[in-house]
Amino acid sequence: MSWMTGLYRFPPIFAAGGYRASFFDVDGNRYIDFNVADLSMTMGYGPAAIVEAVARAVQGGAHFLLPTEDAVVVAENLALRVGIPHWQFTLSASGAIAEVMRIARVMTGRQKLLVFEGHYHGHVDETLVARTPSGGSIADLMGTAAGSADNTIVVPFNDLDAVEASLSGGGVALVLTEPALTNCTLVKPEPGFLTGLRELTEKHGTLLCYDEAHTFQFAYGGLVGEWRLATDFVVLGKGFGSGISFALYGMSDAVAAEFVRHSDIDIGPKGIATGGTIYGSAVAAAAARASLERMLTRDAYARLATLGDRLADGLERIFHDRGLPWRAHRLGPRAGFCLMPELPKTGAQACCSIIPEFIDTRRVYMANRGLWDAVASAGPQASLAHAADDIDRYVASAGDFLAEITG
Ligand code: PMP
């Protein structure tokens, strides 16, 4: 998996197994995991409820190319907690976002996408676009289709004037954003930003999609549910089945009505391009149902927030003890190193804290002490399987690390 070598930049560890908050490598070392597989293992390794549901589903038929009752239960559960009534299943958040973009183009008759600097929305060509210093758009990685940056506008997060200027041209089909940016460390919305964003999308006939692939794990019902955000689409993924490939997107009544009108691809005019052979398999739906009903409860989220606060408090304390003018990020289970006195308001500001040498050195130091640190753009991050002692161990070792590098 060549892309993973870029995540760690040193001879890779090979994983041999995991149990609760830790995994083991083939050399027999144990690591308490604060990367949580980039938020895809928030329930920990081998949670009994998921193991049981998945085993039962595989034995009883993993896939039928037909919906199962579990899929209905998942959709109904999400409708209640997120507040979005209609759901479609995919295998990855990237797959969900590709479909959302197609539906938005059909509904609006427009082509353009607006995203925020510091975003990541998966391996979809039109989203793999960066902002140039002059405010233009450029392909962020090699190999994406020629012209895929042409229809993507990238503006700073928390900047409603920039959003308004871009939407007023009238060509934007979809605004796609996380409610808080989580892939450039962490950028929280300023008070009023998300309300203003919704008002602007409505005013200009643009659809809005919140990507909660990560942030669904920050609060019961995700941040859309928690902050009662109005939207046309929500994308969820990762985390649900504890490593089982599964993601979904939710739609408002108005969007779903239009989508259903265009869902048949065989009879009459060809409908919207959606679907994949094992999207919404019985095993994925069973895992998601067990996740929602048995693991991701209100109590579980309260516990995650407590652990996340303990982690962020601990980081603030060690920064203070070392006299470092730094801040700890904090949102639900997510903490992190902000290497500046002020928390960032934009992706560009947040990226100043992503210093490869700092995270690469920290990772090796922590790994040698039985702790697996987060990837550069993310946490550390608590999972449901962590205990308070695990958090304290991370903080103590991070404090020792800072003492060594600051002399
Ligand atoms: N959206 C966000 C916010 C993400 O963080 C990611 C992955 N890190 C994705 C989408 C893509 O998810 P996947 O890799 O499952 O397609």
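The values are calculated or read from the model by the stated rules, or taken from the named source; none is laboratory data. Note that this is a predicted model, so its numbers are computed, not measured. Here Cβ is always computed from backbone atoms with ideal geometry, including for glycine, and neighbour counts include all displayed protein chains.
Observations
- Output for the range 165-209, where each listed residue is of a type in the set (Ser, Thr, Tyr) and either crowded, with 19+ Cβ neighbours inside 10 Å or within 15 Å of the ligand (Cβ to nearest atom) (or both): 166, 177, 182, 185, 201, 206
- Hits in the range 232-269 (condition: within 15 Å of the ligand (Cβ to nearest atom) and of a type in the set (Ser, Thr, Tyr)): 242, 245, 249
- Neighbours by Cβ (under 7 Å, 6+ apart or cross-chain): first from the range 80-101, more than 20 Å from residue 244 (Cα to Cα) and in a helix (DSSP H, G or I); second away from the ligand (no atom under 16 Å from the Cβ) and modelled with pLDDT of 95 or more: 81/220; 81/221; 81/225; 82/221; 82/225
- Answer residue from the range 210-231, given it is away from the ligand (no atom under 16 Å from the Cβ) and not in a loop (DSSP other than H, G, I, E, B) and is surrounded by the most Cβ atoms within 10 Å (Cβ to Cβ) among those: 225
- In summary, residue 144 fulfils each of the numbered conditions (1) assigned to a helix (DSSP H, G or I); (2) within 16 Å of the ligand (Cβ to nearest atom); (3) surrounded by fewer than 18 Cβ atoms within 10 Å (Cβ to Cβ) with the single exception of condition (1).
- Verdict on residue 256 being in a helix (DSSP H, G or I), in contact (Cβ under 8 Å) with a residue 40 or more places away in the chain and closer than 30 Å to residue 34 by Cβ: no
- Complete set of residues in the range 310-350 that are under 18 Å from residue 218 (Cβ atoms), in contact with a helix residue (DSSP H, G or I) (Cβ under 7 Å, 6 or more places away or on another chain) and in a helix (DSSP H, G or I): 310, 311, 315
- The residues on offer are 99, 69, and the sole one that is over 23 Å from residue 300 (Cα atoms) and within 16 Å of the ligand (Cβ to nearest atom) is 99.
- Residue that is surrounded by the most Cβ atoms within 10 Å (Cβ to Cβ), among those in the range 313-328 that are touching a residue at least 24 places away in the same chain (Cβ under 8 Å) and under 14 Å from residue 395 (Cα atoms): 315
- Residue in the range 247-262 that is of a type outside the set (Gly, Ala, Ser), within 30 Å of residue 17 (Cα to Cα) and in contact with a Ser or Thr (Cβ under 8 Å, 6 or more places away or on another chain) present: yes
- Every residue from the range 22-69 that is of a type in the set (Val, Ile, Thr) and out of contact with any strand residue (DSSP E or B) (no Cβ under 9 Å at 6 or more places or on another chain): 50, 51, 54, 58, 68
- Count - residues of the range 103-132 that are touching a residue at least 24 places away in the same chain (Cβ under 8 Å), within 16 Å of the ligand (Cβ to nearest atom) and among the charged types (D, E, K, R): 2
- Answer from 285, 290, 273, 305 - the residue that is at pLDDT 95 or above and surrounded by fewer than 23 Cβ atoms within 10 Å (Cβ to Cβ): 305
- Scanning the range 31-52 for any residue that is within 16 Å of the ligand (Cβ to nearest atom), part of a helix (DSSP H, G or I), closer than 21 Å to residue 250 by Cα and of a type in the set (S, T, N, Q) turns up nothing.
- Residues of the range 152-164 satisfying the condition of being touching a helix residue (DSSP H, G or I) at 6+ places or on another chain (Cβ under 7 Å) and crowded, with 20+ Cβ neighbours inside 10 Å: 152, 153, 155, 157, 158, 163
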